[in-house]
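Below is one structure; the comments refer to it alone.
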Amino acid sequence: MELPLVLFTVLSQAAVGMVLMSAVRGVAGHGAGSARNEWMLVAGLMGLGIAASLFHLGHPLEAYRALAHLEKAWLSREVLAAGAFLALAAGAAAAGGGRGALLWGAVAAGLATVLASGMTYAPPAFPALNNALPTVFFLISAVVLGAGFASWFAGPGSQALLARICATALVTGLVVRLAVPCVWLSGGEVMRLSGLAWLGSPLYWASIAVLAACLGVLGKNRTIPVWLPILALLGELAGRAAFFAETVHTAMNIGNPY
């Protein structure tokens, strides 16, 4: 299991999701809430995620070299987008909140980060993920966690909206997570092995159980309880760990029929 990548992807997507929810609240005409504190958490989550990702590198002090192939490597684009997002989030926190061009610039950088992450972790060597699924998984995580953590700072008028968004994302996420490995079972041999690995993974089922519990709580509440984002974060971390640990590489089937 690639723990640094698990932490980076989940924490960065939580940060991006919070900015998306800030934009949604603004479009809906709701108040900004505790803007400075909210943007401080956004910057903190992205900063922690980037710091965790450095432990994935053989030479963390040479991380800047990851920018060397922007014209052809999604990893380089992911690094650039995440760095730009962090800079904008830190600027918004220092300014007392993100508004106007600063907010929408962070939205653009955040979506670029999620897209680049999705493309980075969709290589041909993993047939089950060599498609749009990583991006779909990551966007769902961003909305679930973004709505959850944004509820800590949003005004009373935004709480019901955030709860509805979070519940919708949880339903979508559970349907996708349950359906995808079952579909893989009907694919090629490596894809089938990925489906079996996911369905046999305690991490996968722990994620399903935790996120289903979150949905059950929201079904009985019109607002998001203050502790629920932490529970959702744990569920997303378990699911992301399964994503990285259980998906089968083509090398696992060398010498066997497809």
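The values are calculated or read from the model by the stated rules, or taken from the named source; none is laboratory data. All figures in this text were calculated on a predicted structure; none of them were measured in a lab. With ideal geometry, Cβ positions are generated from the backbone for all residues, glycine too; neighbour counts draw on all protein chains shown. Remember, those area values only see protein heavy atoms, side chains included, never the ligands or the DNA or RNA. Shrake-Rupley method; radii C 1.70, N 1.55, O 1.52, S 1.80 Å.
Based on C-alpha pairs under 8 angstrom that are at least 6 apart in sequence, the chain has a relative contact order of 24 percent. The charge dipole of the chain, taken about the Cα centre with unit charges on the Cβ atoms of Lys, Arg (+1) and Asp, Glu (-1), comes to about 580 debye, rounded to the nearest 20.
The order of ARG177, ARG77, ARG36, ARG99 by accessible area, most exposed first and with a 1.4 Å probe, is ARG99, ARG36, ARG77, ARG177.
For the set TRP39, TRP205, solvent exposure ranked by accessible area (probe 1.4 Å, protein chains only) runs largest to smallest as TRP205, TRP39. Taking every DSSP helix (H) stretch of at least 4 residues in the chain, weighting each as -39,500 (n - 2.57) and dividing the sum by the residue count yields a mean residue ellipticity at 222 nm of -24500 deg cm²/dmol. A 1.4 Å probe, protein heavy atoms only, puts the accessible area of LEU41 near 50 Å².
By a 1.4 Å probe calculation restricted to protein chains, THR172 has an accessible surface near 60 Å², given to the nearest 10. Given the alternatives (1) 58, 38, 32; (2) 63, 46, 30; (3) 60, 47, 25, Cα extents along the principal axes in Å as computed for this entry is given by (3). Of interest is the spacing of the C-alpha centroids, which for segment 115-141 and segment 1-54 amounts to 20 Å. Ranking THR223, SER22, LEU11 by how far each Cα lies toward the positive end of the dipole of the chain (charges on Cβ) leaves THR223 at the top. Dipole of the chain computed with +1 at Lys/Arg Cβ and -1 at Asp/Glu Cβ about the Cα centre; of TRP198, SER158, PHE138, farthest Cα towards the positive end is SER158.
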